[in-house]
Amino acid sequence: MANKELIVVQDVCYTYPNGVEALRGVNLVINKGDFCAIVGQNGSGKTTLAKHFNGLLKPTQGNVWVEGYNTTQCRVSEMSRLVGYVFQNPDDMLFCSTVEEEIAFGLRMLRFTKEEINHRVENVLELLKLQGLRTQHPFALSLGDRQRVAVACVLSLAPEIFVFDEPTTGQDHLGALSIMSVIQELHTKGCTIVIITHDMRLVAEYASRVIVMNRGQSIIDAPPAVAFKNYNFLEELSLRPPQVTQLATLLGHDEHAILNTKDFCNWLSSRIKPNVQNQTSEA
Amino acid sequence: MILIASHPPRLPKEKSVSMSWMIDVAHVTYTYPNTERPALESISFQVPPGQFVALLGPTSAGKSTLCYCLNGVVPRLFGGEMKGKVVVAGLDTYEHEIPVLAQHVGLVLQNARSQLFNVTVLSEVAFGCENLGMPPEEIRQRVTEALALTELHGLEDRQPSTLSGGQQQRVAIACVLAMRPDLLVLDEPTSELDPLGSEQVMKIVARLNRELGKTILLVTHDTDFVARFADRVLVLYQGHLVEDNTPRNVFTNQTLLQQYRIRPPQVCEITFELLSRGTPVTQMPITIDEAVEVFKRLEKDGQ
Amino acid sequence: MATSAFIPANTFLHRLDARSKLIALLTILAIAMILDHPVYILGLLGIVLFSWLAARLPLNFLGNIFKYFSGIALLIFCIQLFFYPGEIYLLHLSRPIPLIGFSGYISLEGVLYGLALILRLIVILTIAPLLVMTTPLSELMLALVKFKIPYRFAFILTTAMSLLPSIQNRAELIQQAQLCRGVADFEQGNLILRLRASASLLIPLILGAFRDSQTLEVAISSRAFGAPVQRTYLLETHLRPVDYSLIMASGLLLLFSLWIRWG
């Protein structure tokens, strides 16, 4: 199970029909169980790369293999059972009159049996805590809930790998937390996660691996603690690590980057604790 | 063949008699047509000229609606039922049409792409002044000025849809700046931008306030930026104005933040965590610079 | 990623005023309707094609137009061939079948009329892009306004044209999103499945366009659209001697063709 290669991207170049070179020789492997964050400015090739993971785009040069299948030889609708791709804007997907129907729609199009469809819809409603909203009109829901319904639609096809394109963009704090907890749960259940985001705090808190894209190439591929360590370089790309990381570095922390509040407090406490203890002993 | 030979009078910029507040909102309750629950309920606040106000709150708290009230789009364009009074730059929004208000209030929307529709940046930025009937020489001058303020010179002939998100949003700001408003209302201008674009936009917003003295009302979830630049924070929750305070008082009040689902700058979360562990933090930082100072002292004080 | 149809360049056609181009275009269309001998219309087509070359517009676009409409053109030609009641017999096929209007022979007039119709179609199809590709929409709008078309109407027309590419982009995005949830093909399966598949494309597209138009309404209102004063224009266009010459030439050509037809 460890290090099972799910997606292999080999020397991939992609040029859009209008001549824009979006990818220039990308190589990477996504392993089973990864929680991978792709970051970079707009136009750096993040989304173009991710759309190769389920064959929405086929490489102009090079190859992409997903679970051993070459994506050039597969249809997207077949790939959608292996790789679930959730678009940023749920409104680009939702159109049915109830949440239930919405989730069943894809399954119907793929001609699943009635029992199988019912079974899967129930499962997905439960997993995403949408049971209470099953008969609601998707358009009447909040953005956060609509986003969860969109995830449900993709989840119903039971893919093993999930790609989320900017899942928290435009969401408030609570909405972002709720969608991230869903993603986290999918990961705990054994799914492999790829997430495209601009939110470095989110990368630091959730991802096991960060891929930094710049001008169509992957220039960093490392765990966040390593990638954020030398953040002057990232700053040149206007990718600023979260405040804890910056603050720790400014206070003289020079090992692996600190990624969350807890670790920061532990580290800071270790630096002040002896003295505080001294004070108490003197007192 | 020149059909418009001389220029008819432009729309004059109304001057208010006396103005102590840039924004004066009194007991405003507003309900959209075909809905029952009011989007805003008995909102009152005043903003003096030159202040930088951040408007925070979760989605669908009524933040956009409040923005729309300030230039008359609500209720003039949307209809619905409005009670109370909104006076902006000394002009009552009941008495003045949107084009009149547009010369005092510049409204910038969230989605850069869908508020730009012209073929070139030049015609985009000139659009407002043209509508107001200004003579071409003056329009040219104002457009040049607005593009300089938003650091877009040289892009005049580009098509807005080919620009980056950050550039597009700056074009949107330039479009309202060309009408030389005293107040800028920005409704989540960076929520759909990448970090580079957000930084460019926020830098310009901060400078418009600090160097040109424009009054700013900014809706955002970017509390790091608010902590650094805003003078004041308003919190909107389910249509009610629930807090009106300094950024420091808002971002260091953990109960309030949790109640109204606001994520403070991360340095504040650090302080909350340290306090919960019993570490004696006496001063609450809200920016990185402050935090460096506070925590350095914390380390030293121990020795 | 999308751009409007305008292709920037600095050619004779690009430099012409939008008004004179509009007049020339309408004249050529009128002549194509007035004259019915294919040779004349071929001449018009020659002018149009020469203009494509002169304006350095992409020839593959021209090729696409021919490709997509060759089927329809052939159909129109055949209909005229078999059904046009001419006097000069070229080929006798069978007895007339009055029920469907088949005359039973192919006449010279039928051939000529069929050719004229096809050539007309090609002229119409190729001349409109010629204008839109060499004229920025803002200039086109200005031309419309100067022809006394109300600003509001001209604005709606040109804005709608400028938004078409972004609608196309969104349609592509929605189609991708639906593919990702298992909507296999928009052209396969039985009728009900296909209808549902196209609903999954159309509903989000229409709702999205509706939302965008609301945003646009707020945006243009906030920028003083519809202020109760006469609008001014930053870009002032002037007719130059070449424009006058073009308008004059168009007028003469129109008179000439009227003379050929009825003189």
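Structure notes:
- Residue match in region B:268-281 (condition: open to solvent by 70 Å² or more (accessible area, probe 1.4 Å) and under 19 Å from the mean Cα position of the chain (by Cα)): no
- So A:ASP254, is it open to solvent by 60 Å² or more (accessible area, probe 1.4 Å) and outside any helix (DSSP H, G or I): yes
- Checked against (1) over 30 Å from C:PHE50 (Cα atoms); (2) of a type in the set (A, V, I, L, M); (3) open to solvent by 50 Å² or more (accessible area, probe 1.4 Å); (4) part of a helix (DSSP H, G or I), C:ILE149 passes all but a single condition, namely (4).
- Residue check, B:SER164 under 22 Å from the mean Cα position of the chain (by Cα) and among the hydroxyl-bearing types (Ser, Thr, Tyr): yes
- Residue selected from region A:183-197 under the condition in contact (Cβ under 8 Å) with a residue 40 or more places away in the chain and over 11 Å from the mean Cα position of the chain (by Cα), by the criterion surrounded by the fewest Cβ atoms within 10 Å (Cβ to Cβ): A:GLY190
Residues checked against (1) assigned by TED's automatic domain parsing to the domain that holds B:ARG180; (2) open to solvent by less than 40 Å² (accessible area, probe 1.4 Å); (3) modelled with pLDDT of 95 or more:
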site: B:GLN115; (1), (2), (3): yes, yes, no
site: B:ASN118; (1), (2), (3): yes, yes, no
site: B:ALA126; (1), (2), (3): yes, yes, yes
site: B:ILE139; (1), (2), (3): yes, yes, yes
site: B:LEU147; (1), (2), (3): yes, yes, yes
site: B:THR150; (1), (2), (3): yes, yes, yes
site: B:GLU156; (1), (2), (3): yes, no, no
site: B:PRO160; (1), (2), (3): yes, yes, no
site: B:LEU163; (1), (2), (3): yes, yes, no
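- One residue alone among A:GLU126, A:GLU115, A:GLU101 is assigned to a helix (DSSP H, G or I), farther than 17 Å from A:ARG148 by Cα and free of Cβ contacts under 8 Å to residues at least 12 places away in the same chain, and that residue is A:GLU115.
- Residue list for region C:206-241, restricted to those being more than 7 Å from chain B (Cβ to nearest Cβ), open to solvent by 30 Å² or more (accessible area, probe 1.4 Å) and assigned to a helix (DSSP H, G or I): C:ILE206, C:LEU207, C:ALA209, C:PHE210, C:ARG211, C:SER213, C:GLN214, C:PRO241
- Condition met for B:LEU234 (assigned by TED's automatic domain parsing to the domain that holds B:LEU152, in contact with a strand residue (DSSP E or B) (Cβ under 9 Å, 6 or more places away or on another chain), touching a residue at least 12 places away in the same chain (Cβ under 8 Å) and surrounded by fewer than 23 Cβ atoms within 10 Å (Cβ to Cβ)): no
- Scan of region A:50-69 for residues that are open to solvent by 20 Å² or more (accessible area, probe 1.4 Å) and at positive phi, ordered by number: A:GLY62, A:GLU67, A:GLY68
- Residue in region B:205-216 that is within 17 Å of A:ASP172 (Cα to Cα) and free of Cβ contacts under 8 Å to residues at least 60 places away in the same chain present: no
- Flag: A:ARG75 matches the condition of being within 23 Å of C:ALA171 (Cβ to Cβ) and either surrounded by 22 or more Cβ atoms within 10 Å (Cβ to Cβ) or facing chain C (nearest Cβ under 10 Å) (or both).
- For region B:163-178, the candidate set comprises residues that are out of contact with any Phe, Trp or Tyr (no Cβ under 8 Å at 6 or more places or on another chain) and away from chain A (no Cβ under 14 Å); within that set, the residue that is farthest from A:ASN42 (Cα to Cα) is B:ALA178.
- Restricting attention to region A:201-215 and to residues that are within 12 Å of chain B (Cβ to nearest Cβ) and not in a strand (DSSP E or B), the residue that is most open to solvent (accessible area, probe 1.4 Å) turns out to be A:GLU205.
The values are calculated or read from the model by the stated rules, or taken from the named source; none is laboratory data. These numbers come from a predicted model, not from an experiment. Heads up, the Cβs are rebuilt from the backbone with ideal geometry, glycines too, and the neighbour counts pull from every protein chain shown. Only protein heavy atoms, including side chains, enter the accessible area calculation; ligands, DNA and RNA are left aside. Shrake-Rupley method; radii C 1.70, N 1.55, O 1.52, S 1.80 Å.
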